[in-house]
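Read the figures in this text as sums done on the coordinates, not as results from a lab. The structure presented is a predicted model; accordingly, all values stated were derived computationally and were not measured. Cβ atoms come from the backbone with ideal geometry, glycine included; neighbour counts cover every protein chain shown.
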Amino acid sequence: MSRIYPLLFVLLWSTGFIGAKYGLPYAEPLTFLSIRYVSVIALMTALALATRARWPADLRSAVHIGVSGILIHGVYLGGVFTSIHYGLPAGVASLVVGMQPLLTALGAGWLLGERVSGRQWLGLALGFAGVALVVSGKFGQVPMAQLGTMLLPALAALFGITLGTLYQKRFCPSFDLRTGSVLQFIPTLALTAALAASTETMAVDWDPHFVFALSWLVLVLSLGAVSLLNVLIRSGNAVNVASLFYLTPPCTALMAWALFGETLGAVALVGMTLAVSGVAMARRG
């Protein structure tokens, strides 16, 4: 059963960009995320209490879990949603965040003592080249005068997910997924809501499309995909886990083709093949 976890994680995680596309027209990004975090905390707290889940034994462990949550959820999701809200195409945002496996490989040896083999470096390079080809057709959609403003939140997201993965693997690789989710999302909510209150109107149009997007992101992403990510971080090395993020842009492109009729050219198909090959090589390494 555990062998399908990486594939299932990629499929679920890839739907995050689709959910953002559906929901962001009806709420500003940090407001949208704050509502999402409140919903996740309420659901997971109820589940943890009902099942008598184990809470961390000491405050230090709880703090480590909370810091990992701020980086993985607060900085990463806040950056991605804000960049898309500013007009950055989801494919370009995926490419920026797609550099995460390379940064993780650099940090894995320094922070975790993991050895990254030559085969893994080659696989990571192939994966990045594949991702670049998949989204190459999206760059013409970005006005150059606004590119810097659009890219800054995406770059923050890149560093957030990279540091968060390394931090969690180093300081809190194993925790109860029910109580751990609560501890991750409470400080994330506090930070996100404070920023939303100071920078956004916090107005929400409760359109059915928004309700659907919110429900999907809470149940499928925040509960399903995030739980799988925690399992993968616990059981695998950082480079193997990070390499899976190379598969997100190709998978998202396929979903956009199926749901929104977006075209997939020959270059994008070649890129998908390279990305899959690179991930397979990196994980075998």
Arranged from highest to lowest average of other beta-carbon atoms within 10 Å per residue, in what order do the peptides 68-80, 157-169, 195-207, 6-18 appear? 68-80, 157-169, 6-18, 195-207
Sorted by chain and number, the residues with a modelled amide H under 5 Å from that of residue 204, at a separation of 5 or more or across chains, are none
Net charge within 14 Å of residue 46 by Cβ-Cβ distance, Lys/Arg positive one each and Asp/Glu negative one each, not counting residue 46 itself? +2
Order of 58, 176 - criterion: other Cβ atoms within 10 Å of each residue's Cβ, fewest first: 58, 176
List the trypsin sites (Lys or Arg not before Pro) within region 21-54 that fall in a DSSP loop (any state other than H, G, I, E or B) and whose Cβ has at most 10 other Cβ atoms within 10 Å. 52
